[in-house]
Amino acid sequence: MEAAHFFFRWFHFLAGITWIGILYYFNFVQTPFFAETEASVRTGAIQKLVPRALWWFRWAAMVTFLAGLLMYLMRLGEMGAGLFFTSSYGVTITLGGLMGTIMFLNVWLVIWPNQQIVIASTNQVASGGQALPAAAGAARRGALASRTNVVFSVPMLFFMGAASHYPSLVGPSAAFGIFWVLSLIIIAAVEINPLVGTQGPTKKFLDSVSGALWAGFILTAIFYVLLLALM
């Protein structure tokens, strides 16, 4: 079991670094570059570079999720549900893992399907055809989901790290139910925001990298304060 934990964690880290690294590349490097470069360069990149990056992006997300899920279930089985879900490790790894799972679902169910439309539209225009009518909306929805993943990545990494390296964060408490109800409401609100519409005041902070990062740190602080107050 010790060896299994180690190898699953190794795969989890390797794939996770690849996944989050490409997420940050898309948001910190590629998106600003596309906004500043000429159309011909952007078209070539969407045809040849973006599909390759998206392949590594989505499959790294898949390996990260599956390896993490296996480790989670193994540790749950070892500790038992009663101890696991009331321990500092169990609370923080569940909180981080929940946000990681939503990020994984965003990759496969929102970002990738919308990017397929954008790539198909670009290829059609490059061949002399017309852009797909759905391409602009798809690009916007994919971008909002990607920025939301940047927001989630900050607290996700914090609480996954806290599971092993901040064991005193959660103590004995009778407020587990309140904490999880509030946490689920907050996570749902952040996730629903990019899925409902493409414009509006609640989307403005996702229009910039700094806005998404600040939102991530604020979200981390909110969960941290909730844990200190309730747990």
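The values are calculated or read from the model by the stated rules, or taken from the named source; none is laboratory data. Keep in mind the model is a prediction, meaning the values are calculated, not measured. We place every Cβ from the backbone using ideal geometry, glycine too, and count neighbours over all the protein chains shown.
Below is a table of values for the structure above.
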| read-out | value |
| --- | --- |
| Within the range 106-129, tally of residues that are in contact with a helix residue (DSSP H, G or I) (Cβ under 7 Å, 6 or more places away or on another chain) and either of a type outside the set (A, V, I, L, M, F, W, C) or not in a helix (DSSP H, G or I) (or both) | 6 |
| Condition met for L49 (exposed (fewer than 12 other Cβ atoms within 10 Å of the Cβ), of a type in the set (A, V, I, L, M) and farther than 25 Å from H165 by Cα) | yes |
| Positions within the range 167-210 being among the aromatic types (F, W, Y) and either more than 15 Å from A221 (Cα to Cα) or at pLDDT 95 or above (or both), in sequence order | F176, W180, F205 |
| Selection from the range 185-206 of residues that are assigned to a helix (DSSP H, G or I) and touching a residue at least 40 places away in the same chain (Cβ under 8 Å) | I187, V190, E191, N193, P194, L195, K203, L206 |
| Condition broken by S168, with the remaining ones in (1) in contact (Cβ under 8 Å) with a residue 12 or more places away in the chain; (2) assigned to a loop (DSSP other than H, G, I, E, B); (3) within 30 Å of Q116 (Cα to Cα) satisfied | (3) |
| Leading residue by the ranking (surrounded by the most Cβ atoms within 10 Å (Cβ to Cβ)) among those in the range 97-139 that are in contact (Cβ under 8 Å) with a residue 40 or more places away in the chain, of a type in the set (S, T, N, Q) and within 21 Å of D207 (Cα to Cα) | Q115 |
| Boolean, W180 is within 25 Å of F13 (Cα to Cα) and either aliphatic (A, V, I, L, M) or assigned to a helix (DSSP H, G or I) (or both) | no |
| Which listed residue, of Y24, Y72, is modelled with pLDDT of 95 or more, closer than 17 Å to N106 by Cβ and out of contact with any strand residue (DSSP E or B) (no Cβ under 6 Å at 6 or more places or on another chain) | Y24 |
| Filter pass, L226 being assigned to a helix (DSSP H, G or I) and farther than 25 Å from R141 by Cβ | yes |
| When residues of the range 81-105 are limited to those that are small (G, A, S) and in a helix (DSSP H, G or I), the one modelled with the lowest pLDDT | G82 |
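Each row is one residue, and each column tells you yes or no for (1) surrounded by fewer than 13 Cβ atoms within 10 Å (Cβ to Cβ); (2) touching a residue at least 24 places away in the same chain (Cβ under 8 Å); (3) farther than 29 Å from A212 by Cα.
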site: F8; (1), (2), (3): no, yes, yes
site: T31; (1), (2), (3): no, yes, no
site: L73; (1), (2), (3): yes, no, yes
site: E78; (1), (2), (3): yes, yes, yes
site: F84; (1), (2), (3): no, no, yes
site: V91; (1), (2), (3): no, yes, no
